[in-house]
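Inspection log for the structure reproduced underneath, given as structure tokens.
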Amino acid sequence: RDVAFIAPPLTARQHQRQKRVGGFLMEFEKAGLSDHVLVRSAADSKDTEIPNIESEYRMGYDLTVELLREGQPVTAIAALNDMMAFGAMDALLERQYRIPGDISVVGCDNTLFSRFHTIGLTTVEHFVDQKGRDACDIIMKKILSQNSQYSEIQPISTYHVEYEPRLIVRGTTSYAKTKKGKN
């Protein structure tokens, strides 16, 4: 019902991050719930650091602590990626919140760790491995076509490959409590 979306810095050079947040907001707007979403991102100064597992975990943790300290009424936290979701989960659990009883958590990427955490993380699978494999196949085809007898008249080719993301529901999400504490 009331969702906080947490993300690493959303600076101008982070176009893919901005697209992911934009897609999330667009779906809430379509449902008439745009006033129930709060977006929080890490400080732009963090964008100078090379992101790694630890820094993204820490950003998720810190942003969640900040939300809780401000008393933001959230029933769910959606994280830009799984590592940020793990940081959010740990911040919630340390403060005695029940996941998903009090607050649901969802990540994105379906990393290997998402099924090994104490509570399996609900996440979005968007087929990163398959995207990489397909990109390599396209590059190899282009390289091989340069070695053909007609290489001087090669057409310019454009590839457009899309993957339908899939929600992987695990143990970190449930229905939000009603205002009176009922499910």
For Lys141, the aspartates and glutamates lying under 20 Å Cα to Cα, once residues fewer than eight places off in the same chain are dropped, come out as Asp129, Glu152, Glu162
The whole-number value in µm²/s of the Stokes-Einstein translational diffusion coefficient for segment 70-131, with Rh from the Kirkwood sum over alpha carbon pairs at 10 °C and 1.306 mPa s, is 133
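Taking only the Cα atoms of segment 51-93, how large is their convex hull per residue, in Å³? Mind dumping the intermediate values first?
Numbers: hull volume 2.6 nm³, N = 43.
For segment 51-93, the hull spanned by Cα atoms encloses 60 Å³ per residue.
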SASA check, Ser45, accessible area w/ 1.4 Å probe, all protein chains in place, rounded to nearest 10 Å², comes out at 80
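Work out the P(r) tail for segment 1-135: percent of alpha carbon pairs separated by more than 17 Å, whole number.
Values: 5289 of 9045 pairs.
Of the Cα pairs, 58 percent sit more than 17 Å apart.
The values are calculated or read from the model by the stated rules, or taken from the named source; none is laboratory data. Please read these numbers as outputs of a predicted model, since none were measured by experiment. Accessible surface areas use protein heavy atoms only, side chains included; no ligands, DNA or RNA. Shrake-Rupley method; radii C 1.70, N 1.55, O 1.52, S 1.80 Å.
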